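Notes follow the structure.
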Amino acid sequence: MLPNELTGPARWVVPLLLFGGVLTVGIILRAMVFRALSRWSKNTASQLDDIILSATRWPSYLWIAIIAAILALHTVDLPGEQFDTAARRTLQALLVLSITVGVARLLGELVDQRRVDTPPGQAIATTGLLRTVVQLATYLIGVLFILGTLGINIAPLLGALGVGGLAAGLALQPTLSNLFAGFQIAVTKQIRVGNRVRLASGEDGYVADISWRTTTLRTPTNHLVIIPNSKFADSIVTNFNLPDPAVHMVVAVNVAHDSDTRQVEAALRDEAAKLRAELPNVVRDFEPVVRFVGFGESGPQFTVTLRVADFEVQFEIWNEVYHRILERLRREKIQIPLPARTVYLRGELPPRP
């Protein structure tokens with residue numbers, strides 16, 4: 001007797017047995033496949049296989065259950081054609097939904113992994129905004145597939161969304177302003193994750209993330225500064241990593257009025273050459289520049305300019321540079337003046353010349 005010829009509760013025996021059998025076999029096969037893939041992924045240097053396993057580990061149970069239910073439904077006629085069609089479409093929609101969630105999670109993990117592996121200054125900034133956009137696009141495509149699976153005509157829905165989108169855009173203007181400003185920051189590539197930046201308003205730090213609403217800076221004191229994207233995009237920003245991470249390090253040197261300026265310049269030039277040759281992270285192909293820049297209140301003023309690999313390493317070099325310049329000036333018997341003032345007391349004016 002065929003399952004469809006059975007009546008009463010008996011007609012559910014075969015579908016339930018089929019559902020249980022497919023579910024059991026699917027779980028066993030899944031365990032074997034995941035175990036083999038886990039062993040294989042441990043022997044590979046790429047993180048892609050690990051991400052795929054992590055993203056599909058739990059959704060795969062739901063996939064097996066839905067497939068088992070769909071196969072079981074093919075062995076029984078549900079009461080009423082509409083009910084039968086609705087049940088099949090619902091299961092298919094759940095399958096599409098679970099696949100959409102799994103794919104969105106997989107793409108999000110891939111974006112995050114790229115953000116970890118991508119060094120600062122890479123051509124494409126991988127940010128939380130990119131993860132949000134990728135996942136929203138995946139969910140949107142999944143919803144369209146689900147509506148098609150359920151037999152819903154999406155043309156009127158798109159028209160309604162157009163009118164509703166206009167109203168929502170007016171109501172969510174600040175949020176959309178931050179969203180589009182985030183797109184502008186990420187797409188122009190002038191500000192990238194990992195860059196050291198300083199805003200005209202004084203905020204200073206490393207770009208930790210550019211999300212759909214805010215840009216996050218990590219300060220040198222390891223605090224987070226959260227800035228709305230619209231304010232960040234409208235601000236004047238100094239990027240210390242672009243177009244070239246190497247920066248000039250300018251050291252100001254003051255000497256006494258009676259110093260031989262040519263002797264001072266020669267000593268500073270020689271010491272700067274030694275600093276370039278001996279200190280790490282100093283750019284070797286940049287000739288140090290020593291300039292006599294003018295007369296200060298305490299005496300002649302000089303500057304020594306070195307070029308270092310990037311903005312951060314200069315803080316490791318400053319200490320040694322100051323020590324060496326001071327020691328060299330002392331060896332050359334060149335005095336560094338202290339600030340001095342001549343004070344005239346009332347009633348004791350100097351005689352006129």
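The values are calculated or read from the model by the stated rules, or taken from the named source; none is laboratory data. From a predicted model like this one, the values you see are computed outputs, not experimental measurements. Cβ sites come from the backbone with ideal geometry, for glycine too, and all protein chains shown count toward neighbours.
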>> Within region 105-113, does at least one residue satisfy the condition of being surrounded by 12 or more Cβ atoms within 10 Å (Cβ to Cβ), at pLDDT below 75 and among the β-branched types (V, I, T)?
In response: yes
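Can you pull out every residue in region 226-246 that is under 23 Å from L176 (Cβ atoms) and aliphatic (A, V, I, L, M)?
Filtering region 226-246 down to residues under 23 Å from L176 (Cβ atoms) leaves 226-235, 237.
Residues satisfying the conditions are I226, I227, A233, V237.
Would you list the strands (runs of 3 or more DSSP E) that sit entirely within region 124-233 and hold 2 or more residues that are modelled with pLDDT under 85? Please lay out each step first, then the result.
Details: elements: 196-199, 204-210, 214-218, 224-228.
Once the strands (runs of 3 or more DSSP E) in region 124-233 are filtered for at least 2 residues that are modelled with pLDDT under 85, what remains is 204-210.
Scanning region 43-59 for residues that are in contact with a helix residue (DSSP H, G or I) (Cβ under 9 Å, 6 or more places away or on another chain) and free of Cβ contacts under 8 Å to residues at least 40 places away in the same chain, which turns out nearest to L95 (Cα to Cα)?
W58
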>> I need a count of the residues in region 293-311 that are surrounded by 15 or more Cβ atoms within 10 Å (Cβ to Cβ) and either without any contact (Cβ under 8 Å) to a residue 40 or more places away in the chain or within 36 Å of the chain's Cα centre (by Cα) (or both).
In response: 7
>> Taking the conditions exactly as written (touching a helix residue (DSSP H, G or I) at 6+ places or on another chain (Cβ under 7 Å) and closer than 20 Å to A309 by Cα), does I191 satisfy them or not?
In response: yes
